[in-house]
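See below for the structure under consideration.
The values are calculated or read from the model by the stated rules, or taken from the named source; none is laboratory data. Keep in mind it's a predicted model, so treat the numbers as computed, not measured. Here the Cβ is made from the backbone with ideal geometry for all residues, glycine too, and neighbour counts use every protein chain on show. Ligands, DNA and RNA are excluded from the accessible area calculation, which covers all protein heavy atoms including side chains. Shrake-Rupley method; radii C 1.70, N 1.55, O 1.52, S 1.80 Å.
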Amino acid sequence: MKLLITGGAGFIGSNFIHYWLKKYPDDQITNLDSLTYAGNLENLKEHENDSNYKFIKGDICDPEVVNDLVRDCDLIVHFAAETHVDRSVMGSRDFIRTNVEGTMVLLEAAKNNNKKIHHVSTDEVFGDLNFEGKSFTEKTAYNPRNPYSASKAAADHLVRAYYHTHGLPITISNCSNNYGPYHFPEKMIPLFITNLLENKKVPIYGEGKNIRDWIHVDDHARGIDFIIQKGQVGQTYCLGGDSEITNIDLTKKILKIMGKDEDMIEYVKDRPGHDLRYAIDFSKAKKELGWNPKISLDEGLKQTIEWYENNQEWWKNIKSGEYQDYYKKQYGNN
Ligand code: NAD
Ligand code: TYD
């Protein structure tokens, strides 16, 4: 099978490519990525000379590039997006452009060439839950509350609209917060681990009571694989890690594994419109696909911390590069 992966140089896309080529070595992958600040070819260095892997630097908003690549593939797996909530608070233009317009360009190309597309989305489209609220399911009404989640919600609606209007073969996954190797160190887990490795404090927004459900990126990749192999066209599947935890408790776990004191915590100004809680009920994926997450949060965190300890060049290059400007705007000079 020939797969066109969009956004494969980012965190989840690159982990998915590693997963796929290991499991299906006879398949061919083309990775279309414009290499924004979040795209990094270092993530895929081990495949750069593989005959079944090809990288194309290009923008998913460019219909000509996209159409040629879509014509030549059997299946599109769409990861490319602007993904950081805090950046979307600073400005949403790039989010609308890539996440909404880019998805539309891909859908048009898929329609014109009659190709199947799997759209990778987030649980953030459902808005937030209070502490007692039931977990999100595929039936939960959309209620996005920040520009990132609003742009992803718009993209999900477009994907479903192409299925209903044009009969385009689509599937969608809405997944909770991922963590693992190659995670860009502006997101909470990799930021905190790399700060601690540099002996810097970790900035917790507000009081740290917000809850997220964390899934190891390999479990997410397996979930997408299960949807591609067994999912029904037109259907959405929620994927979660079965690991709900407050930000403060998660931070304490990281501190403990890394042998650091709680005085490394710094409470900083809260994120505007900070969603309180995300939680996923993945029983549909379990029942219909036989999927469930396999890596526990404790085991996954240990592995992930080890990865950042052993790959310091990878994240030090990022932290010392152009990303510095964003980091300073967010956290001062800490
Ligand atoms: P990421 O920010 O690490 O990577 C995004 C990739 O997309 C980068 O390589 C970037 O260069 C590329 N890209 C951005 N704009 C592009 C454009 N116009 N054309 C081509 N390439 C472009 O993101 P991620 O965390 O790997 O997320 C991947 C997908 O998974 C996104 O769609 C995101 O919404 C979704 N998702 C993420 C999480 C999470 O916890 N990170 C959870 C659920 C769903
Ligand atoms: P993040 O990794 O940005 O993912 P998302 O906003 O998509 O859930 O943030 C995870 C949680 O951690 C979220 O509640 C915000 C919080 N957070 C901090 O407390 N400090 C930080 O420096 C960052 C980046 C996030």
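Show the residues, 5+ positions off or on another chain, whose built amide H is closer than 5 Å to the amide H of residue 268.
204, 205, 206
When the chain is treated as a GNM, springs tying every alpha-carbon pair under 10 Å, which of 58, 13, 240 comes out with the largest mean-square fluctuation?
It is 58.
Residue 277's amide H: which non-local residues (gap 5+, or another chain) put their own amide H closer than 5 Å, with H modeled 1.01 Å from N in plane and none for Pro or chain starts?
Residues meeting the criterion, in which the H sits 1.01 Å from N, are 129, 211.
Residue by residue through segment 73-81, what is 3J(HN,Hα) from phi via Karplus (6.51 cos²θ - 1.76 cosθ + 1.60, θ = phi - 60°)? Round to whole Hz and write x for glycine and proline.
10, 9, 8, 9, 10, 9, 9, 4, 5
Of 308, 278, 290, whose Cα points farthest to the positive end of the dipole of segment 270-312 (charges on the beta-carbon: +1 Lys, Arg; -1 Asp, Glu; origin at the Cα centre)?
Farthest along the dipole direction, towards plus: 290.
Given the options 184, 11, 131, which has the most mean-square fluctuation in a GNM of the chain, springs set between C-alpha atoms less than 10 angstrom apart?
In this elastic network of the chain, the residue with the biggest mean-square fluctuation among 184, 11, 131 is 131.
Over the alpha-carbon set of segment 184-313, work out the extent along each principal axis and list the three values in angstrom, largest first.
49, 35, 21
Grab the Cα-Cα distance for residue 230 and residue 286, subtract it from 0.36 nm times how many residues apart they are, and report the gain in nm with one decimal.
Full extension from residue 230 to residue 286 adds 19.0 nm.
Could you tell me which of 317, 55, 91 has its Cα farthest along the dipole of the chain towards the positive end, charges placed at Cβ (Lys, Arg +1; Asp, Glu -1), taken about the Cα centre?
91
Pop out the ³J(HN,Hα) list for segment 4-11 in order, Karplus 6.51 cos²θ - 1.76 cosθ + 1.60 with θ = phi - 60°, rounded to Hz; leave Gly and Pro as x.
9, 9, 9, x, x, 8, x, 4
Working with all protein chains in place, sort 171, 83 by solvent-accessible area computed with a 1.4 Å probe, largest first.
Correct descending sequence by accessible area is 83, 171.
For the chain, with all protein chains present and a 1.4 Å probe, just round the carbon and sulfur fraction of the accessible area to a whole percent.
Its accessible area is 45 percent carbon and sulfur atoms.
Just the accessible area for residue 233, please: 1.4 Å probe, Å², rounded to the nearest 10?
70
Long-range amide H contacts for residue 239: which residues qualify at under 5 Å (H placed 1.01 Å from N, peptide plane, sequence gap of 5 or more or a different chain)?
Hits under the 5 Å cutoff: 174, 175, 176.
Counting each pair of different Cα atoms once, what's the Kirkwood radius of segment 40-127 in Å, rounded to one decimal?
Hydrodynamic radius (Kirkwood, Cα only) of segment 40-127 equals 14.6 Å.
For segment 139-275, give the magnitude of the charge dipole about the Cα centre (Cβ charges: +1 Lys/Arg, -1 Asp/Glu; no others), in debye to the nearest 20.
With only Lys, Arg, Asp and Glu charged at Cβ, the dipole is about 300 debye.
Can you compute the charge dipole magnitude of the chain about its Cα centre, using +1 on each Lys and Arg Cβ and -1 on each Asp and Glu Cβ, nothing else charged? Give it in debye, rounded to the nearest 20.
480
Calculate, axis by axis, the spread of Cα positions in the chain along the three principal axes, and write the results as whole Å, longest axis first.
Sorted largest first, the three principal extents are 57, 46, 37 Å.
Mind checking the per residue accessible area of the chain for me, 1.4 Å probe, whole number of Å²?
Averaged over the residues of the chain, the accessible area is 43 Å².
Work out from phi, with θ = phi - 60° and the Karplus expression 6.51 cos²θ - 1.76 cosθ + 1.60, the ³J(HN,Hα) of each residue of segment 46-57, listed in order in whole Hz, and give x for Gly and Pro.
Couplings: 5, 9, 4, 9, 5, 6, 9, 10, 9, 9, 10, 7 Hz.
Could you give the length gained on full extension between residue 68 and residue 23, defined as 0.36 nm per residue of separation minus the Cα-Cα distance, in nm?
Separation in residues times 0.36 nm, less the Cα-Cα distance, equals 13.5 nm.
Lys/Arg Cβ at +1, Asp/Glu Cβ at -1, dipole of the chain taken about the Cα centre: which of 182, 17, 79 is farthest positive-ward?
Of the listed residues, the answer is 79.
May I have the count of lysine pairs in segment 249-323 with C-alpha atoms under 27 Å apart, counting pairs 8 or more residues apart or located on different chains?
Qualifying lysine pairs in segment 249-323: 28.
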